[in-house]
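Take a look at the structure set out below.
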Number of protein chains: 2
Amino acid sequence: MSEIKIAVLVSGGGTNMQAIINEIEKGNINGRIEIVISSNEKAFALERAAKYGIEGIYIGKNNYSDVHKRTEAILEILEKKEIQLIVLAGYMSILESSFIEKYKNRIINIHPALIPSFCGKGYYGQKVHQAVLDYGAKVSGATVHFVDEGTDTGPVILQEAVEVKDDDTVETLAARVLEAEHRLLPKAVKLFCEGKLVVEGRKVRILTNK
Amino acid sequence: MSEIKIAVLVSGGGTNMQAIINEIEKGNINGRIEIVISSNEKAFALERAAKYGIEGIYIGKNNYSDVHKRTEAILEILEKKEIQLIVLAGYMSILESSFIEKYKNRIINIHPALIPSFCGKGYYGQKVHQAVLDYGAKVSGATVHFVDEGTDTGPVILQEAVEVKDDDTVETLAARVLEAEHRLLPKAVKLFCEGKLVVEGRKVRILTNK
């Protein structure tokens with residue numbers, strides 16, 4: 001089975017991207033990151049990519065002010081690079097529905113909570129953890145899912161529960177959930193690259209004997 | 001600290017009640033079940049209670065057709081027995097808001113999912129697990145919470161995550177969650193009876209050094 005060609009879309013530090021790179025470097029993932037696309041010109045993720053000789057590019061409001069133009073620019077690169085899997089690793093920009101439709105069940109996102117709790121519009125970044133703490137939940141977690149037209153509504157690939165402690169702050173909870181994200185996202189990418197994720201309606205079945 | 005007087009409200013088999021009895025019998029809970037009230041005349045929970053010499057009573061539609069009369073009948077018993085903690089162990093009947101207000105932060109319920117996922121009106125019994133499977137969630141769990149005026153909206157005391165397996169049916173998932181319920185409910189009752197649950201707004205803090 002040939003290596004899967006991966007694009008990683010980022011906006012920030014890129015620690016989730018780093019977690020994928022680490023597993024690729026170890027030879028644990030049958031895939032290769034062909035391109036890193038950042039919506040933020042100064043994202044540290046672009047520096048990380050460069051360190052590994054991975055091509056990085058900025059496509060954002062400063063060079064493409066129009067959202068359709070941005071989408072077209074991203075699509076053009078993805079097609080040129082023959083990308084088979086798109087990983088959103090903290091990508092904070094809008095993906096147009098035409099884009100999502102074109103790459104249906106080939107876009108993976110990570111959310112820092114147990115979907116369907118604490119997700120949807122307005123729940124991003126630290127707001128997710130603040131909501132968990134405000135609710136008084138005792139368990140949170142991380143979810144890797146395929147992206148569909150909704151916000152955090154696509155089929156769930158993997159989830160891992162994380163304990164919420166009574167003395168947690170947004171920062172301590174975010175840090176504990178991030179550890180789970182760093183386990184979960186490379187694992188999902190690995191399964192995808194081995195052809196082991198089967199989407200059946202809303203459900204993602206994981207093949208074990210392949 | 002004197003023993004806390006407990007009432008358990010049931011409607012069915014009473015395995016969650018049994019889990020509490022087991023811990024009381026072992027001397028692990030500083031409490032005593034003074035009365036079991038069933039909304040179902042034929043609930044096996046009443047037989048279980050009798051086996052341990054615990055008084056059981058049926059208060060339901062057959063002897064009190066009016067909901068207010070039922071509430072009054074239950075309140076009368078609770079007051080006579082000087083009940084300090086009410087445990088809903090699969091109680092499928094309505095508790096009027098006057099009742100809930102009177103015993104604020106003294107009524108404990110168990111829900112077979114990780115609130116705020118898969119809860120609220122219509123989510124009870126096997127419907128909860130069916131919804132989890134239909135959604136394709138990979139993690140579910142159990143929640144013990146104080147009861148407020150909403151449906152499954154009260155402050156969360158304890159939660160435990162439970163894995164959802166690809167080949168789960170409602171029955172196999174329900175069985176796995178029930179094991180968690182049997183751990184969680186007696187633990188919450190124990191903490192309550194030791195005065196270790198502090199409700200602060202929506203949050204339940206668990207005292208550790210008392």
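The values are calculated or read from the model by the stated rules, or taken from the named source; none is laboratory data. Model, not experiment: these values are computed from the prediction. So basically every Cβ, Gly included, is an ideal-geometry build from the backbone, and we count neighbours across all protein chains shown. For accessibility, only protein heavy atoms count, side chains too; no ligands or nucleic acids. Shrake-Rupley method; radii C 1.70, N 1.55, O 1.52, S 1.80 Å.
Quick check on A:Ala174: is it of a type in the set (Gly, Ala, Ser), at negative phi and more than 13 Å from every other protein chain (Cβ to nearest Cβ)?
yes
Taking the condition of being within 14 Å of chain A (Cβ to nearest Cβ) and open to solvent by 30 Å² or more (accessible area, probe 1.4 Å), how many residues in the stretch B:65-118 meet it?
Residues flagged as within 14 Å of chain A (Cβ to nearest Cβ) and open to solvent by 30 Å² or more (accessible area, probe 1.4 Å) within the stretch B:65-118 amount to 2.
For the stretch A:119-161, give me each residue that is of a type in the set (D, E, K, R) and surrounded by fewer than 24 Cβ atoms within 10 Å (Cβ to Cβ).
Answer for the stretch A:119-161, where residues must be of a type in the set (D, E, K, R) and surrounded by fewer than 24 Cβ atoms within 10 Å (Cβ to Cβ): A:Lys121, A:Lys127, A:Asp134, A:Asp148, A:Glu149, A:Asp152, A:Glu160.
Give me the pairs: first residue in the stretch A:9-31 and more than 19 Å from A:Phe44 (Cα to Cα), second residue open to solvent by less than 10 Å² (accessible area, probe 1.4 Å) and of a type in the set (Gly, Ala, Ser), beta-carbon distance under 8 Å, and six or more apart or on different chains, which are they?
Final answer for the pair search is A:Ile24/A:Gly31.
Of the residues that sit in the stretch A:126-141 and are touching a residue at least 24 places away in the same chain (Cβ under 8 Å) and assigned to a loop (DSSP other than H, G, I, E, B), which one is farthest from the other protein chains (Cβ to nearest Cβ)?
Filtering first and then ranking leaves A:Ala137.
What's the total number of residues in the stretch A:84-101 that are in contact with a helix residue (DSSP H, G or I) (Cβ under 8 Å, 6 or more places away or on another chain) and touching a residue at least 40 places away in the same chain (Cβ under 8 Å)?
7
What tally of residues in the stretch B:110-141 results from selecting those that are of a type in the set (Ser, Thr, Tyr), touching a helix residue (DSSP H, G or I) at 6+ places or on another chain (Cβ under 7 Å) and modelled with pLDDT of 95 or more?
Of the residues in the stretch B:110-141, 1 are of a type in the set (Ser, Thr, Tyr), touching a helix residue (DSSP H, G or I) at 6+ places or on another chain (Cβ under 7 Å) and modelled with pLDDT of 95 or more.
Look through A:Lys104, A:Lys81, A:Lys69 and report the one residue that is without any contact (Cβ under 8 Å) to a residue 12 or more places away in the chain and out of contact with any helix residue (DSSP H, G or I) (no Cβ under 7 Å at 6 or more places or on another chain).
Within the list A:Lys104, A:Lys81, A:Lys69, the selection yields A:Lys69.
Of A:Val177, A:Val204, A:Val170, A:Val189, which residue is in contact (Cβ under 8 Å) with a residue 40 or more places away in the chain, in contact with a Ser or Thr (Cβ under 7 Å, 6 or more places away or on another chain) and either within 20 Å of A:Ile20 (Cβ to Cβ) or surrounded by fewer than 23 Cβ atoms within 10 Å (Cβ to Cβ) (or both)?
Going through A:Val177, A:Val204, A:Val170, A:Val189 in turn, the sole match is A:Val177.
May I ask you to list the residues in the stretch A:161-171 that are within 13 Å of A:Ser140 (Cβ to Cβ) and more than 7 Å from chain B (Cβ to nearest Cβ)?
If the condition is that a residue be within 13 Å of A:Ser140 (Cβ to Cβ) and more than 7 Å from chain B (Cβ to nearest Cβ), then A:Val162, A:Glu163, A:Val164, A:Lys165, A:Asp168, A:Val170 are the ones that fit.
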